[in-house]
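Everything below concerns the one structure shown next.
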Amino acid sequence: MFDVLIIGGGVSGMSCALVLGSARNKAFAADKKIGIFTHQKASNLQDAVFNNAYGIAAGKLGSELLEESKAQLASLYPHVAQIENEKVMSVEGEYPNFTVTTNKNSYQTKIIVVAINATNTFAIEGLMDYVIPHKKAIVEKNRIQLKNEDHLVAEGIYVAGTLAGLRSQLSIAAGSGASVATDILTLWNNGNHSQVHDSIRK
């Protein structure tokens with residue numbers, strides 16, 4: 001049983017995983033089992049080059065950033081399970097007992113974070129009732145989002161990035177994933193607002 005499973009290995013999903021992973025030394029997160037489906041082929045970053053993203057050197061390729069984020073997660077937070085080459089087909093159940101079924105396996109989890117892009121090819125059975133037209137995308141692009149209130153779709157189901165109704169911008173997506181992570185950390189910490197920062201101060 002996972003405590004949280006993140007669907008999507010793009011910016012918002014990896015950002016969420018990194019923040020959750022970084023809380024490993026907090027008592028309320030120490031025993032939590034975290035997983036992320038790291039499928040990245042459909043990520044918009046595959047064709048991106050960045051010149052206007054804070055903290056990222058100009059000319060950085062999105063495809064490089066995707067691979068580096070997986071390596072960073074594996075190096076710093078190896079307790080976060082990276083599930084490769086699986087596509088999520090359906091979600092069943094309710095909080096805190098969901099079943100996530102892929103093209104290869106099925107997994108049990110208490111919390112789900114959906115962090116894939118906002119194309120109208122979205123087809124995860126069990127989540128289709130939450131699909132609405134994207135509120136901030138150009139109409140002609142026919143983008144979708146999941147109905148949510150501050151990233152929360154339903155109890156135990158969160159959405160991050162463009163699928164949450166946000167605009168397609170790297171820094172926005174990263175912040176969205178981090179926001180979801182801190183909401184989950186707060187939940188794990190019995191409702192006490194929680195976030196994680198590293199510091200050079202001793």
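Here are a few things to note about the model shown:
- Unit charges on C-beta of K, R, D, E only; dipole of segment 148-202, Debye: 320
- Under 5 Å between amide hydrogens, built in the peptide plane, is the criterion, and for V114 it picks out I7, Y158, V159, A160 among residues at least 5 positions away or on other chains.
- Global geometry of the chain, whether rounded, prolate or oblate, following the gyration tensor of its Cα atoms and the 1.5 cut on a/c: rounded
- Amide H contacts of Q145 (H built 1.01 Å from N, under 5 Å, at least 5 apart or other chain): I132, H134
- For the chain, a simple Cβ point-charge model (Lys and Arg +1, Asp and Glu -1, everything else neutral) yields a dipole of about 420 debye relative to the Cα centre.
- 18 Å Cα-Cα reach of K33 towards lysines, excluding residues that sit fewer than 8 places from it in its own chain: K70, K110
- Once exposed loop chymotrypsin sites (Phe, Trp or Tyr not before Pro) are cut out (DSSP; at most 16 other Cβ, 10 Å), longest piece of the chain: 55-202
- Under 5 Å, built H, 5+ apart or other chain: amide partners of I83: I36, F37, T38
- Cα→Cβ-extended label distance, 7 Å offset, between E67 and I200, nm: 3.0
- DSSP bridge pairs, the chain: antiparallel proportion in percent, nearest 5: 55
- Relative contact order of the chain: 24 percent, from C-alpha pairs under 8 Å at least 6 residues apart in sequence.
- Trypsin sites (Lys or Arg not before Pro) restricted to DSSP loop in segment 1-54 with at most 10 other C-beta within 10 Å: K41
- Loop-resident GluC sites (Glu not before Pro) (DSSP state other than H, G, I, E or B) in segment 18-88 with no more than 12 further Cβ atoms inside 10 Å of their Cβ: E84.
- Helix runs (DSSP H) in the chain reaching 24 Å along axis by Cα, Kyte-Doolittle at least 0.5: 170-188
- Taking every DSSP helix (H) stretch of at least 4 residues in the chain, weighting each as -39,500 (n - 2.57) and dividing the sum by the residue count yields a mean residue ellipticity at 222 nm of -7500 deg cm²/dmol.
Rule-based calculations on the coordinates, nothing more; no lab input. Please read these numbers as outputs of a predicted model, since none were measured by experiment. All Cβ positions, glycine included, derive from the backbone under ideal geometry; neighbour counts span all protein chains shown.
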